Amino acid sequence: MGQTMNPDTWLKEHGDYLFRYALVRLRDRTNAEDVVQETFLAALKGKEQFRGQASVKTWLVGILKHKIIDHFRKNSREVPVTNLLSADESPEDVFDANGKWKEEPGVWREDPADHLEKKEFWKIFRECLAGLPRRLADLFSLREFEGLKTEEICNQMDLSTTNLNVQLYRARLRLARCLDVNWFERKEKGPLK
Amino acid sequence: MITCEEASRLMSESLDRKLPLGKRIALRIHLLMCKLCPRFLQQMLFLKEASDHYKEEIEEDSSYSLSTNARERIKSLLTTDPEKKDHPHD
């Protein structure tokens, strides 16, 4: 199997990448480090199963993906099921009783690239993400960062499609509102303090 | 006609799957008649693009790395050579 299957080199060669992969999805350093550790332990235990068809990196990422989903499942068990849809205050407050916009969505006219290149934008983006209820952020992360299809998320997280759609919608509505207020509006009114 | 609230739900859903024809038409008609909802659609598309970008940036940013503590902890767990295990710094 050669040098690459030597566990002594895994950490040096892949540790930081696995950490960053986990950091994007879990959004927290400590949790990211924990799942990376679990990944290496599982890899060590299961190294006989490595078939050599994929690279070691791909194999390790495959294990990490499972650990990340396990982590989200654990999170979701801490939220009482009955509260899943009603626990957080309704973001649909942006609509009036007739379903019309109460808080008008702002115009985000410019080329996205103009924003995406700015460091300040990412700071606000991260803060908006951190401001989501954990449950919503976890599901958003599985969809947008991990790139799972909705059916896959429903299976993995034991959710109905309707429930998942509502939660992704709430996450997006909140994120859009947060960016609207804290980035786009503020930008129009002048530079950040 | 569907309301803005319903339209906004469909816009979110359309990021996850192809909407069935009826919903797709209802949404398209709403978007033609409504001043505000096209803005929300633009926000949804932006959010999608920003999320992709965010993921790539962090995955490639070498300034994010395991802390020394975590690294040492994992290193000692991974050391397969029993002699080294007692002296992780050799």
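The values are calculated or read from the model by the stated rules, or taken from the named source; none is laboratory data. For clarity, every value in this text was computed on a predicted model and none was experimentally measured. Reconstructed Cβ throughout: ideal geometry from the backbone, glycine too, with neighbour counts over all protein chains shown.
Assorted remarks:
- Residue satisfying all of: in segment A:20-32; surrounded by fewer than 23 Cβ atoms within 10 Å (Cβ to Cβ) and in contact with a Leu (Cβ under 8 Å, 6 or more places away or on another chain); nearest to the other protein chains (Cβ to nearest Cβ) among these: A:29
- On the stretch given as segment A:85-108, residues that are modelled with pLDDT under 70 and surrounded by fewer than 13 Cβ atoms within 10 Å (Cβ to Cβ) total 4.
- Residue tally, condition exposed (fewer than 12 other Cβ atoms within 10 Å of the Cβ) and modelled with pLDDT of 95 or more, over segment B:34-67: 1
- Leading residue by the ranking (farthest from residue A:31 (Cα to Cα)) among those in segment A:110-143 that are among the basic types (Lys, Arg), within 15 Å of the chain's Cα centre (by Cα) and away from every other protein chain (no Cβ under 11 Å): A:135
- Selection from segment B:27-84 of residues that are assigned to a helix (DSSP H, G or I), free of Cβ contacts under 8 Å to residues at least 24 places away in the same chain and β-branched (Val, Ile, Thr): B:58, B:68, B:74
This table checks each residue for (1) polar (S, T, N, Q); (2) within 30 Å of residue A:132 (Cα to Cα).
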site: A:14; (1), (2): no, no
site: A:21; (1), (2): no, yes
site: A:37; (1), (2): yes, yes
site: A:47; (1), (2): no, no
site: A:50; (1), (2): no, no
site: A:58; (1), (2): yes, no
site: A:64; (1), (2): no, yes
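- Among the residues of segment A:36-50, the one identified as more than 13 Å from residue A:62 (Cβ to Cβ), at pLDDT 95 or above and more than 9 Å from every other protein chain (Cβ to nearest Cβ) is A:38.
- Helices (runs of 4 or more DSSP H) enclosed by segment A:124-193 - at least 1 residues per element that are closer than 26 Å to residue B:4 by Cα and among the small types (Gly, Ala, Ser): A:134-140, A:161-179
- Scanning segment B:1-26 for residues that are at the interface with chain A (Cβ under 8 Å from one of its Cβ atoms), among the basic types (Lys, Arg) and outside any loop (DSSP other than H, G, I, E, B) gives a single hit, B:9.
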